[in-house]
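Read the figures in this text as sums done on the coordinates, not as results from a lab. Remember, predicted model here, so these are calculated numbers, not experimental data. All Cβ positions, glycine included, derive from the backbone under ideal geometry; neighbour counts span all protein chains shown.
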Amino acid sequence: RLWHRIDSHWLRMVKEFLPPNLVQPIWTAEIQQRVVGIVSLLQGNQPAAAVAAAEEVLPLVQTQAEVAAFVLAMKACAELQLQAFAAAIATLDQATRYSPGEPRLIYSTGLIELRRGWVEVATEHFERAVAADESLGQAWAALAVIRALEQDHVRAEVAARRALACGVALDGELVNLALFQSTYRQGKPAE
């Protein structure tokens with residue numbers, strides 16, 4: 001397996017979880033307050049409470065696909081923090097039913113697969129995410145790091161340049177390192 005050849009320290013650096021974008025959500029003040037509460041629990045490093053809060057609000061937003069997908073993504077993020085990888089994948093699968101083809105959900109699924117050590121599966125998700133949205137810099141950054149570690153220098157350079165062009169803030173140093181390594185290994189001048 002590929003993941004045995006890659007230093008897990010670098011893979012752990014790819015860590016930004018992305019919920020789907022909410023485009024003009026239509027919700028009541030109560031729902032908005034509950035969703036903000038879930039996010040606050042996540043930011044406050046209380047993943048178990050965030051899972052419970054998400055489970056409480058889900059029945060209230062079942063008919064609002066966009067909001068349900070967002071709440072499920074937040075629940076999956078909390079499950080990821082709890083190291084409950086299988087549960088997080090199942091939750092993201094459920095979110096994808098509400099928002100099929102959402103590149104940020106596809107990326108986040110790849111992120112969890114990466115954490116589980118399934119680099120090849122994660123890479124497929126990252127590639128699907130950038131195919132769905134070429135401006136998803138985080139997925140390009142993940143591909144740049146993985147491809148640099150695989151010593152696939154040509155594709156690592158392409159992915160790193162795309163990530164930087166997207167203005168990715170995630171692991172910018174790693175993206176720069178992947179770009180430097182890939183250009184150097186191809187015999188190109190260092191930038």
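General observations
- The charge dipole of region 87-161, taken about its Cα centre with unit charges on the Cβ of Lys, Arg, Asp and Glu (plus for the first two, minus for the last two), comes to roughly 180 debye.
- Protection proxy ranking of 104-111, 33-40, by the mean of other Cβ atoms within 10 Å over each peptide's residues and highest first, is 104-111, 33-40.
- Summary of packing: across the peptides 71-81, 91-101, the per-residue average of other C-beta atoms within 10 Å ranks them, highest first, as 71-81, 91-101.
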